[in-house]
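These notes concern the structure reproduced below.
Only the coordinates and a few stated rules stand behind these numbers; no lab work does. Here the structure is a predicted model, which is why all the values come from computation and not from measurement. As a convention, Cβ positions derive from the backbone with ideal geometry for all residues, glycine included, and neighbour counts pool all protein chains shown.
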Amino acid sequence: MTAPAPSRAAEILSRPAHINGLTVPNRIVMAPMTRNFSPGGVPGADVASYYSRRAAAGVGLIVTEGTYVGHESAGSSDSVPRFHGEEQLAGWAKVAEQVHAAGGTIVPQLWHIGMVREQGEPPYADAPAVGPSGIRLGTDEPTGRAMTQRDLDDVIGAFAEAAAAAERIGFDGVELHGAHGYLLDQFLWSGTNRRTDAYGGDPVARTKFAAEIVAAVRETVSAEFPIIFRYSQWKQEAYRARLAETPEELEAILAPLAAAGVDAFHASTRRYWLPEFDGSDLNLAGWTKKLTGRTTITVGSVGLDGDFIRGFMGEGSPVKAIDDLLDALEREEYDLVAVGRALLQDPQWAAKVLAGRFDELAPYDASALKSLS
Ligand SMILES: Cc1cc2nc3c(=O)[nH]c(=O)nc-3n(C[C@H](O)[C@H](O)[C@H](O)COP(=O)(O)O)c2cc1C
């Protein structure tokens with residue numbers, strides 16, 4: 001008896017991809033999602049099972065939830081995992097080990113929230129909020145400290161140390177969180193970066209801090225160890241914000257990051273099918289690949305609702321959206337597809353998609369956030 005022909009989606013998504021020295025077994029990436037289930041910043045056995053369950057079901061690359069680098073002002077929660085400290089790293093080592101045992105690959109998403117923090121918040125209540133200009137998006141009143149050269153050096157060192165730890169304890173690479181209005185993005189965006197020194201001004205100057213972090217990480221880890229950089233136009237507190245209005249502006253930001261050692265860009269959008277700039281169908285990941293030649297990951301509402309699922313099954317108008325995604329992968333406009341909420345909802349999502357069992361997919365329901373299933 002011959003096996004049934006795989007669906008086009010399964011066939012295309014099953015192809016391996018490469019990020020520097022890493023081979024990702026297929027094109028499906030778990031998007032980073034903060035879960036707040038790591039008391040004391042320690043990812044426990046439940047966190048390891050949560051990720052390894054998804055790896056066992058065929059997710060090729062897991063990007064962990066954002067995890068704080070070792071700087072006192074990096075975070076604002078005691079239940080977000082930290083990527084420093086003996087107990088915390090021992091917990092992470094088990095996460096990586098279990099994901100590997102399940103056949104997956106995994107990178108931690110290294111995170112500093114910058115001015116999104118308020119003084120008094122855990123894990124280090126006395127630490128001030130720090131950012132490029134000490135202001136929080138939407139306010140002109142300082143609510144924290146404009147970073148001094150010492151602050152910049154400390155944070156660069158914290159990212160480099162976390163990346164070194166990631167390699168040492170068995171992770172397959174790192175993702176630097178440069179998106180959504182957190183510290184690195186606060187530098188990239190003129191709305192939050194009002195500096196008049198070498199770290200502020202035009203897009204290249206605003207990219208300097210992030211590029212220095214990339215360079216420090218690159219210097220610290222092995223040459224083949226993948227560095228992924230996640231960035232976005234939109235901010236958590238400003239969905240319509242844009243870093244770049246034109247491909248030229250985008251190139252001014254991405255080129256120094258690529259030159260500093262980024263192997264892959266994770267271009268975060270809320271809807272992957274939307275063109276980024278007038279006059280082209282390319283989305284943000286498509287433009288990123290065109291401008292940098294680097295491996296790129298697209299993301300945004302893949303598999304979220306019933307319409308999309310019916311599209312997978314070949315019914316209804318959303319077919320076009322899915323065909324567009326598969327066509328773009330085939331044309332190598334981007335290389336990998338990150339899936340967030342659909343994978344929160346259903347740990348078996350990748351297995352179902354890769355086996356063509358689309359009729360078993362369920363729409364996303366926010367109650368999935370309540371547990372670490
Ligand atoms: C509960 C939740 C937590 C998230 N946490 C993070 C995070 O820690 N870091 C990050 O870069 N993005 C985070 N995101 C954004 C996701 O990575 C992803 O880009 C977004 O959900 C869009 O993908 P989706 O439509 O497939 O869910 C989070 C999203 C959700 C729903």
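Residue-by-condition table, conditions (1) crowded, with 20+ Cβ neighbours inside 10 Å; (2) closer than 21 Å to His112 by Cβ; (3) under 18 Å from the mean Cα position of the chain (by Cα):
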site: Glu219; (1), (2), (3): no, yes, no
site: Phe229; (1), (2), (3): yes, yes, yes
site: Arg240; (1), (2), (3): no, no, no
site: Glu249; (1), (2), (3): no, no, no
site: Pro275; (1), (2), (3): no, no, no
site: Asp278; (1), (2), (3): no, no, no
Q. Quick one: how many residues across segment 94-116 are buried (at least 24 other Cβ atoms within 10 Å of the Cβ), part of a loop (DSSP other than H, G, I, E, B) and aliphatic (A, V, I, L, M)?
A. 1
Q) Tell me, which residue of segment 29-65 that is near the ligand (Cβ under 10 Å from one of its atoms) and of a type in the set (S, T, N, Q) is farthest from Gly91 (Cα to Cα)? A) Thr34
